[in-house]
Structure formats: C-alpha cells, structure tokens
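Have a look at the structure below before the remarks.
Every number in this text was worked out from the coordinates using simple rules, so none of it is lab data. All values derive from a computational prediction rather than experimental measurement. When we count neighbours, we look across all protein chains shown, and the Cβ atoms used for this are built from the backbone with ideal geometry, even at glycine.
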Amino acid sequence: MVVTRFAPSPTGYLHLGNARTAIFSYLFARHYKGKFILRVEDTDLERSTKEYEKLLIDDLRWLGLEWDEFYRQSDRFDIYREYAQKLVKLGHAYECFCTPQELEEERERARTKGIPYRYSGKCRVLTKEEVETFKKEGKPYTIRFRVPDGETIVFEDLVKGHIAINVDDFGDFVIVRSDGTPTYNFVVVVDDALMGVTHIVRGEDHIPNTPKQILIYRALSFQVPKFAHLPVILGEDRSKLSKRHGAVSVRHYREEGYLPQALFNYLCLLGWSPKEEGKEIFSKEELISVFELKDVNDSPAVFSKEKLRWMNGVYIREVLSVEELTNYVEPFLRKAKYEFDRGYLVKVLERARDSFETLSEAPEKLEPFFVDHMELSQEAKSILENVKAQDILKFVLDNTSDSISGQKIKEIAKAAQKQLQVKPKDFWHVLRAALTGRLEGIGIDVLCDVLPKERFTKRIQRILELYQ
RNA sequence: GCCCCCAUCGUCUAGCCAGGUCUAGGACACCGCCCUUUCAAGGCGGAGAUCGCGGGUUCAAAUCCCGCUGGGGGUGCCA
C-alpha cells in the first residue's frame, strides 16, 4: 500500500510551497488508494509553537486536505531516544563533546583555507573510558552519526531521476542535540520507517539530506522508501519564493478572498500538467484520478498571482454552485456591514457572480445591490447636474408601476428616449448615476431584476431631491 | 569555494524517454475587433520562443551525446 506524509514544522504560516507539497503528497496517496499522514515536526522546541500548529492544521483543512493519521514529534521523544541509543550501541553513532565554539573555529579554519567544511571527527576516536569520564564531569554532548568513508549513495528520484552523492561531502552529523532533543535528519527516518511511509514527497531543498537519511535507514536495517523531490516555487525574480516576495502564506490568500478550490487547483498546475492537454480546471476528485508523480516537471516554476486571480475568477463565475458561492461571499459582505438576508444574496449572485475575481472585491463590486445611500463619484455628480437628468428620473418614476425588472426598465428607456428626445447613452448614464452613484459597473437591467421596487424608487427620489 | 538540481513565448506549460507529422500547440497577461447602456464577462483574431550558447551523432535534433554559460538549491546542535 502507498503511504505518504506531509511533515511541516509549526514555525510560521503554511507557505504556498509547502501547501503544494502537501497537495501532491495527498493526491499521490489518494490516487493509489493509500494512506496520507500528517506529522508535525516540532523537534525544534525553540521555534515551534502550538499556535502555529493550530493555524497549520486549520489551513490544511481549509484547502480540502484530510489525513488518515496524525502525529506530533514532540510526543515521540522516547522513541527517538531509544533509536539513538541503538545507533550508538551498534557503533553507527557516538557521543561528541565538542563545544559550539570549537566547531565554529573548525569551520572558520576551513573557510580561510578555502576548503569545504566537514566535522573533523575529533570525538570519533574517544575511548569508552574517556566518554564515561566526560559524562561524569557533566560535559554536555551531542550524538553524531558515523558517516562511512568514501561511499557514494545512489537513488532513483521519482521526479529528478538518477541522483548520486558522495558522502565525503559531509562529515559526521548531529542526530541528538546537547539538550537531548533529536534533529530532523534522524527523526524523519525513524518516523517514516515506523509509520510505514513508502513514498517521500518533499521539496528539492531536501536532496542533500537524502543520502544522510539513507545511511540511517541502512544502519537501522529499515527499508529505504522511494523519494520524490519537487522543484521549488520561485518568486518573480526567480529566487525561491519567500516573504520578501510579499504574500506567500495560504492564510494570506484565504483572507484576500481566494477560494480553496482555486488555490488547490492553481498550485497543482505549478510544476505538474495533466496528460490531457489544454484542460486546466480540475476538481479535487478529478485531480486524484489523473495525478501522477511522474508527470511532475523537474524544473522550478514561478508563482503567478495573475493566473491564480484568473483561476479564482473562473471558480467564482462558473465552477461553484450559487449555494457554495453564497457561503464564501457572505462573510465578506457582512464584514463590510451590508445588511441582507441569505435569499437576497443568492439572487444577487445568480446574476452578478461574474463581476469580481476575489471575494474581497465583492463588497465594492456588489455595492449597488446593498447600499441605497451610496457616495456619488465626481463623474456621476456632473451627469446628475445636467437639466435633463431631472426629466429622465421623473419620467422613470412616473412610468414605474408596482414592480421593476430588467425587461421593464428597457421598455421605459425606449419610451423615454422617444418622449424626452434623449440618446440611449444619456438615459442609461443618468439612471446608472442615480442608482449606483458611479458610471461603471453592474448592468442596470441586472440590478433592476434583483433590487426591490421600493429601494429602486427610494434611490431615485433621493437623487431628485439632491439635485432639484 | 565545494556538492547537487535545472534550462521551450514575459509567466505556467505541451512536445523530449521511443529523432521526421513542430514553418513548436495550449493557458495567463498584453493588443485589436465583435457583443453592449458603462465596466467587466463572453466570442473572434493578433503579437509573442532563431526550443540558453557552442560542438558533435544522424539523411534529419526542441528531442540523443559532450562542453560552456546562466539560474536555483544545499553546505547548522533549522526543518
């Protein structure tokens, strides 16, 4: 059975790159009817917080991800301790009493000499007695993994292909810190092995870690899983997408009024394209059925907010049902202090869902449906100051019966043009200015179909009074 | 510095593995036209890539091989 996992560390908001990794990992597992695990990697107690963990989980759920199992590494320290001891006992790891200062000096020396740094291995050769003495003295120590000399680790990456790295490139690395907490490269192996993870899907920045981890798999006689290293997501300047590119968290896009379905869909298209050419809009279910790791592109992709925006618009205007859309739009309008009942909003959206691309634009674009005492733009004012404006508006009021609709207003327009000798354009301009306070925006016939007659009349009367 | 990864329109990409059908296809953005009471949306059309560069292999290379250049990532008692 295929088992994948997403293993974020709760040290900040969920990053778009991580979100995509989670999605690919999830899709791959679901495609093969396997298991998807969420594992919070909080071994770095300094930087990890419960608050971020909560936000992380919340954003993952919002995106539409569900997991079959959940783990938190800070709950598993006993397990790691046990395996660290095992590695020491097997001779694959050893206690290291070097101080941070000593190590910094080693590093500095390598730098000045211009040679690549790796740990000297000073504590490799400590005798049992020396180790015991140091421990008794209370000297702090780390545990390092003993990297065998000269070996080349080879693995077939599911997206990158053949990768070979010589382990001489790095020295013996720390697997347990001096405060007793285990490090990433170690726990990730123990957990993935114990949890039965078969396919490790993660960012390509982890490629250099992979040989270290393979070494640990072997030392512990665990079966080595398959690896799939995803290319990173780039910012406009083609460097790794990060805070300095502006908004990079899922949370941000969520608050900006992007739909989870659209973000999910868009992220999938960054570095992956379906066999079926041309198709870009996919539901989660469709993605599950067509997604294959082998179709993932091996070159990095630039994140395009423009295209995300477009796709969000597609979801708003044609993919979601009106009911679903209503659920997403409502909070944004409530926040703008608009008053309405749900049924009215449904009617509005049935007709005007094609007027905005993000939910945060909805209050402004939909204002004509909700606000009777709107501000008048300069252009609208100058239109309404025109003498003909009064005639047109009076004519409209006089000819409005007990109800108003798009069809009716068009009939009135024709009659007005004939009787008052006004051009169609002028008629509509005046009416638009009076009804919406602006000269651009939603179709007046659409507005008339949705807006109750009393509000329609009220708005015109208000303008009539203002400009008489 | 050292190690690793990558390279098709501005951007996301198809094609590359099994070389000819590619005068390189699609999408976003851009431009124009149409629709129209405005802005959008929508429809139609346009512009945009000597397939990073240089060698090779071949009758034939975006596709295979080598080198270079460029970009990215890693080089922690972060993950």
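Distance from the C-alpha centroid of segment A:224-262 to that of segment A:23-92: 20 Å, rounded to the whole angstrom.
Using equal-weight Cα scatterers in the Debye expression, the normalised intensity of chain A in log10 at q = 0.06, 0.10, 0.11 Å⁻¹ is -0.43, -0.83, -0.93.
Go through the cysteines of chain A and tell me which have no other cysteine Cβ under 4.7 Å away. A:Cys98, A:Cys268, A:Cys448 - these cysteines have no disulfide-compatible partner (Cβ-Cβ under 4.7 Å) in chain A. The gain in end-to-end length when the A:Glu51 to A:Asn327 segment is fully stretched comes to 96.7 nm, 0.36 nm per residue minus the alpha carbon separation. Among A:Phe70, A:Phe6, the ranking by other beta carbons within 10 Å of each residue's beta carbon, starting with the fewest, stands as A:Phe70, A:Phe6. For A:Asn386 and A:Arg455, a Förster radius of 35 Å and the Cβ-Cβ distance give a FRET efficiency of 0.90, rounded to the nearest 0.05.
With both labels modelled 7 Å from their Cα along Cα-to-Cβ, the A:Arg177 to A:His252 distance reads 2.8 nm. By other beta-carbon atoms within 10 Å, ranking A:Cys96, A:Cys123 with the fewest at the front produces A:Cys123, A:Cys96. The stretch between A:Phe77 and A:Asp58, if pulled fully straight at 0.36 nm per residue, gains 4.3 nm over its current Cα-Cα span. In sequence order, segment A:455-468 has phi-based couplings of 5, 4, 5, 4, 5, 5, 4, 4, 5, 4, 5, 4, 10, 6 Hz under the Karplus curve 6.51 cos²θ - 1.76 cosθ + 1.60, θ = phi - 60°, and Gly or Pro positions carry x. Over chain A, calculate the relative contact order: mean separation of alpha carbon pairs under 8 Å at least 6 apart, over the residue count, as a percent. Answer for chain A is 13 percent. Treating r as the C-beta distance of A:Lys425 and A:Ser377 and R0 as 22 Å, the FRET efficiency rounds to 0.80. Once the C-beta distance of A:Arg109 and A:Glu318 is scaled by a Förster radius of 45 Å, the resulting FRET efficiency is 0.10 to the nearest 0.05. When the Cα gyration tensor is reduced to axis lengths a ≥ b ≥ c, the ratio a/c stays below 1.5 for segment A:387-462, which is therefore classed as rounded. Here segment A:105-151 and segment A:333-366 have alpha carbon centers that stand 64 Å from each other. Neighbour counts of other Cβ atoms within 10 Å put A:His206, A:His162 in the fewest-to-most order A:His162, A:His206. Under a 5 Å amide H to amide H cut-off, with H placed in plane at 1.01 Å, what residues pair with A:Ile233 once short-range neighbours are removed? Under 5 Å from the amide H of A:Ile233 lie the amide H atoms of A:Leu241, each far enough along the sequence or on another chain.
Take chain A and mark each of the trypsin sites (Lys or Arg not before Pro) that is in a DSSP loop with at most 10 other Cβ atoms within 10 Å; the longest unmarked stretch, sites excluded, is A:34-237. 3J(HN,Hα) along segment A:38-53: 10, 10, 7, 9, 10, 6, 8, 4, 4, 9, 7, 9, 5, 4, 5, 4 Hz, from the Karplus curve 6.51 cos²θ - 1.76 cosθ + 1.60 with θ = phi - 60°, whole Hz, x for Gly and Pro. Over chain A, DSSP H runs of length four or greater, each weighted -39,500 (n - 2.57), average out per residue to a 222 nm ellipticity of -14500 deg cm²/dmol.
Between amide H atoms placed 1.01 Å from N, distances below 5 Å from A:Phe227 occur with A:Leu158, A:Ile200, all of them 5 or more places distant or on a separate chain.
Between segment A:159-198 and segment A:295-313, the alpha-carbon centres lie 31 Å apart.
The loop-placed GluC sites (Glu not before Pro) in segment A:267-350, going by DSSP, that have at most 10 neighbouring Cβ atoms within 10 Å of their Cβ come out as A:Glu276, A:Glu277, A:Glu339.
So what's the net charge close to A:Thr358: Lys and Arg +1, Asp and Glu -1, counting the other residues with Cβ under 9 Å from its Cβ?
-2
Ignoring lysines fewer than eight residues from A:Lys347 along the same chain, the ones with Cα atoms less than 19 angstrom from its Cα are A:Lys337, A:Lys365, A:Lys408, A:Lys453. At full extension, A:Gln468 and A:Lys135 could sit 110.5 nm farther apart than now, given 0.36 nm per residue minus the alpha carbon distance.
Computed about the Cα centre, the dipole magnitude for chain A is approximately 360 debye when only Lys and Arg (+1) and Asp and Glu (-1) carry charge, each at its Cβ. Our coupling estimate for segment A:248-254, obtained by passing each phi through the Karplus curve with A = 6.51, B = -1.76, C = 1.60 and θ = phi - 60°, is 10, 9, 4, 4, 4, 5, 4 Hz, Gly and Pro reported as x. As a length-normalised measure over Cα pairs under 8 Å and 6 or more apart, the relative contact order of segment A:234-301 settles at 30 percent. Each label was represented as a point 7 Å from its Cα along the Cα-to-Cβ direction; for A:Ser360 and A:Tyr117 these points are 4.0 nm apart.
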